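Notes to accompany the following structure.
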Amino acid sequence: MPSAKSHRAQVRKAEVNKTTRSFTRSRLNKARNIVADGASDEADAAVKDAISALDRAARKGVIHPNQAARKKSRLQRSLNKTVSS
């Protein structure tokens, strides 16, 4: 059981991380939806925004860097698949 002081710090950090996580998820979902629709110009921009958000979240320590790399790789792969088709 964490002390009262560390619990207060955890609550503060969770609140800060929530905004970054939400921002990242919304960018990621937007990019996935646009890539699924197949609009190439919009998809490139959306994927670029999502990758930037993932990098920012990883840099802030909100998500693990390997998780960010995995999500970026899968997103880029799906974009490449729709562009080459």
*Considering every residue within segment 34-49, establish whether at least one is among the acidic types (D, E), touching a Leu at 6+ places or on another chain (Cβ under 9 Å) and on the phi < 0 side of the Ramachandran plot.*
yes
*On the given criteria, is T82 surrounded by 12 or more Cβ atoms within 10 Å (Cβ to Cβ), of a type in the set (S, T, Y), modelled with pLDDT of 95 or more and in a helix (DSSP H, G or I)?*
no
*Answer with yes or no whether R27 is in a helix (DSSP H, G or I), closer than 24 Å to A14 by Cβ and charged (D, E, K, R).*
yes
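If you go through segment 62-79 one residue at a time, how many are more than 19 Å from I34 (Cβ to Cβ) and either in a helix (DSSP H, G or I) or touching a residue at least 24 places away in the same chain (Cβ under 8 Å) (or both)?
Result for segment 62-79: 8.
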*What residue, of A69, A14, A53, A9, is surrounded by 16 or more Cβ atoms within 10 Å (Cβ to Cβ), among the small types (G, A, S) and out of contact with any strand residue (DSSP E or B) (no Cβ under 6 Å at 6 or more places or on another chain)?*
A53
*Scan segment 30-48 residue by residue and report those that are assigned to a helix (DSSP H, G or I) and exposed (fewer than 14 other Cβ atoms within 10 Å of the Cβ).*
N33, A36, D37, S40, D41, A45, K48
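The values are calculated or read from the model by the stated rules, or taken from the named source; none is laboratory data. These figures come from a predicted structure and were not determined experimentally. Neighbour counts run over all protein chains shown; Cβ positions are idealised from the backbone, glycine included.
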